[in-house]
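Inspection log for the structure reproduced underneath, given as structure tokens.
The values are calculated or read from the model by the stated rules, or taken from the named source; none is laboratory data. Everything quoted here is computed from the prediction, not taken from an experiment. We place every Cβ from the backbone using ideal geometry, glycine too, and count neighbours over all the protein chains shown. For the accessible areas, the whole protein counts, side chains as well, though only heavy atoms, and no ligand, DNA or RNA atoms are used. Shrake-Rupley method; radii C 1.70, N 1.55, O 1.52, S 1.80 Å.
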Amino acid sequence: TFYCPNCWSELSDGQRLCALCHRAVSAWDEKTFEAKLLQAILHPEPMTQNRAVYLLGEKKATEAVGALAELFRRTSNPFLKSEVVEAVAKIGGESGCSLLIEALQDPSFIVRGEAVKALGKFSGRDAERALEEGLKDPSTYVREKDRKAMDCLGSANQTKG
């Protein structure tokens, strides 16, 4: 299956102009790699989305945090949400920390577990407070991850001090 790289509608093999958005398929070639990854998080195939999110995290693409937060809020897929949490943890920053704190309210214990694990890499009172709250999580899995994250955070603070 071929997709328009601009709007992700299906294309026929060899089609050069999208029938839906009327944009040239070749416009994709002019974009930067990061811009392509940002656009790919909207791709209709879940594995393409996952790869794009992963790569944005690996590249520490700070400009992606807002788009990743939108994706996190829009999807119900806990595996994609977990991938977003991991990517945001790699990117870091205050807005990333806010998303991780938000992720602690997710219905999926897998997502909450990834969020507390990721918060262990952040310093600051907001992360510490969120981890303290995480110890009250109904899931044993999340509480266990939270304790490990707090240990990591405590070790990092001792190293600084």
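In a fully extended conformation the segment linking E144 and R73 would gain 23.0 nm over its present Cα-Cα distance, using 0.36 nm per residue. Gap in Å between the Cα centre of the range 62-121 and the Cα centre of the range 1-49? Result: 25 Å between the Cα centres. The portion of the accessible surface of the chain made up by carbon and sulfur, rounded to a whole percent, is 52 (1.4 Å probe; DNA, RNA and ligands excluded). Packing here is the average count of other Cβ atoms within 10 Å per residue, and on that basis the peptides 12-20, 111-119, highest first, run 111-119, 12-20.
Plugging the Kirkwood radius over Cα pairs into Stokes-Einstein for the range 1-105, at a temperature of 4 °C and a viscosity of 1.567 mPa s, what D comes out in µm²/s?
This corresponds to a translational diffusion coefficient of 90 µm²/s.
Per residue, the accessible area of the range 1-67 comes to 61 Å² when a 1.4 Å probe rolls over the protein heavy atoms. Note on the range 57-161: along the principal axes its Cα atoms extend 36, 30, 19 Å, ordered by decreasing extent. Listed by chain and number, the lysines placed with their C-alpha closer than 29 angstrom to that of K31 are K59, K60, K81, K90; residues fewer than eight positions away on the same chain are left out.
Bridgeable lysines around K136 (alpha carbons under 17 Å apart, same-chain partners fewer than 8 residues away excluded): K117, K145, K148.
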